1. Only one of Val375, Val361, Val305, Val273 is part of a loop (DSSP other than H, G, I, E, B) and surrounded by 15 or more Cβ atoms within 10 Å (Cβ to Cβ). Can you tell me which?
2. Of the residues that make up segment 386-398, is at least one within 16 Å of the ligand (Cβ to nearest atom) and in a helix (DSSP H, G or I)?
3. Just checking, how many residues over segment 260-288 are over 20 Å from Glu451 (Cβ atoms) and in contact (Cβ under 8 Å) with a residue 40 or more places away in the chain?
4. For segment 455-470, give me each residue that is surrounded by 20 or more Cβ atoms within 10 Å (Cβ to Cβ) and farther than 20 Å from Phe116 by Cα.
5. Scanning for something within 16 Å of the ligand (Cβ to nearest atom) and at positive phi, does segment 205-218 turn up at least one residue?
6. Select from segment 59-90 the residues that are hydroxyl-bearing (Ser, Thr, Tyr) and farther than 19 Å from Val146 by Cβ and write down the one among them that is farthest from the chain's Cα centre (by Cα).
7. If a residue must be surrounded by fewer than 24 Cβ atoms within 10 Å (Cβ to Cβ) and either more than 9 Å from the chain's Cα centre (by Cα) or more than 12 Å from the ligand (Cβ to nearest atom) (or both), how many such residues does segment 150-166 contain?
8. Just give me the residues in segment 324-348 being of a type outside the set (Asp, Glu), within 29 Å of the chain's Cα centre (by Cα) and outside any helix (DSSP H, G or I), in sequence order.
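The values are calculated or read from the model by the stated rules, or taken from the named source; none is laboratory data. Here the structure is a predicted model, which is why all the values come from computation and not from measurement. All Cβ positions, glycine included, derive from the backbone under ideal geometry; neighbour counts span all protein chains shown.
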Amino acid sequence: MTAIKAHPPVQNFINGQFDRNGQPSMDVLSPVDGSVISTIPMSGKEEVDSAVQAARAAFPSWSDMTLKERVQIFFRYRQLLEDNKDELAALVQQENGKTFDESMAEVNKSIELCEFTVSMPQIVTNEIQEVSKGVECRIERKPLGVVACITPFNFPNMVPHWTVPNALVLGNTLVLKPSELVPLSAVRMAELLKEAGLPDGVFNVVNGGKEVVEAICDHPEIKATSFVGSTRVAKIVYKRATSNLQRCVALGGAKNHLLVLPDANVDMTANNVVASMAGCAGQRCMAASVMVGVDKVQHIIDKMVLEAKEIVPGKNLGSVISKEAKERIEKYISEAEARGAKILVDGRNAIVEGKEDGFYVGPTIIDYVKPEMAVAQEEIFGPVISIIRAKDLDEAIKIENSSNYGNAAAVFTQDGGLAKKVIDKASAGMVGVNIGVPVPREPFSFGGWNESKFGVSDITGKSSVEFWTQNKKTTTKWNPEDKRDWMS
Ligand code: NAD
């Protein structure tokens, strides 16, 4: 367990300098033990504008460099992440509350994302063809200009790495607005990017809440904004940014269904389902939230209960983000119980010795949930799984399809034909077969369907190249003495 310690007040990072200009301040709490570990400036329009002006000034020389030159900075940055990963993981644990191993996994994923970034010269090779004799058509990818990223609390290190390295290496300059609940990882990101040689003004961080987000969506110089967070805010950001003619991709919340068939491998399925619902205290947009048990699956549920009982808050289960989150999650469990669902494992009122002021919820399994209950429909974002019993696979697919969300879905079975049916019919952007957290690894892109994502492209992988660039189409003829028309 990392020692929870106080950090210097967080400052904005604008034009290569840390700066705090007397904005009102908010405490940053560690959910591990509820202690104050720092403060952040609650910035507004003015700070967003300063960051945009710095990014705008940096754009001409940054975008003028070749892709291969820009990539060199990210080779160095990737190595700095590797060299500092113990410290970076400890920081994630302190500000977010997940376990050290989960925090390290997050930093390792950021390193993998940077490996995709440094492979960009192999991916963005442009296109050229001689379309008529002596006439060439060429397509080149060009950066957009100043862009922005808005990120949530649940992956303070990884989610900024979904977007920032790719957007920058492709020649854009950027303003990052981290979650006000977890601002510390972004400070280290700014320091390490600077140490790697990133020119001043290319990457800027503005801290705060709603006002900063609104100023980003409204800023006329920002060409594109990526957002990751709840569906409620994703809708606000998508509408506001696009109405100001920005390009926008906004990833929202989730309610992921895992369909478990009776022939599934018992140990592997129980272990995967429980790990998917309880990992990172259930605060993952890819976490299992509903298990649809098809026909006779009691033997798998019994094993899940045993697995869940091995998960202990403060030991191999981290905290949830806040007191409000703990109260919200426990309320969902109590409501389901009051409406007749059966609590097989109860995580309410979890207390960790020595960390009595931390925000803990134990693993929770709720059986005999009805599709109309709130725990079956709404995002709980805690270590809770609701089991709905279905008589056959068609009914299970119908239940999955009825969700407003569509981030992930998974099926557990040894029957390839039935698995294929779920792959085809699930209304979700990311599907797993015998995998509880089906996150596509690079170069495959990440993004959901329905109310889990607004906008055309995905947020990572090859899809991000489309999002962070625009095509320039050039037609050239280098032999003017040739009388032939270019259409010939
Ligand atoms: P959130 O929507 O509360 O906050 C996200 C960002 O929006 C933060 O930077 C926050 O400051 C800002 N914000 C909050 N309220 C706002 C408002 N009214 N107007 C403008 N901006 C506002 O999300 P969160 O609680 O930080 O993160 C958890 C959510 O993120 C969950 O719903 C989870 O599923 C989702 N998430 C989704 C993905 C995905 O890939 N789809 C990934 C990670 C997290």
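1. Being part of a loop (DSSP other than H, G, I, E, B) and surrounded by 15 or more Cβ atoms within 10 Å (Cβ to Cβ) holds for just one of Val375, Val361, Val305, Val273, which is Val361.
2. No: segment 386-398 contains no residue that is within 16 Å of the ligand (Cβ to nearest atom) and in a helix (DSSP H, G or I).
3. Of the residues in segment 260-288, 17 are over 20 Å from Glu451 (Cβ atoms) and in contact (Cβ under 8 Å) with a residue 40 or more places away in the chain.
4. Result: Gly455, single match.
5. Scanning segment 205-218, I find at least one residue that is within 16 Å of the ligand (Cβ to nearest atom) and at positive phi, so the answer is yes.
6. Selected residue: Thr66.
7. Of the residues in that region, 1 qualify.
8. Answer for segment 324-348, where residues must be of a type outside the set (Asp, Glu), within 29 Å of the chain's Cα centre (by Cα) and outside any helix (DSSP H, G or I): Val345, Gly347, Arg348.
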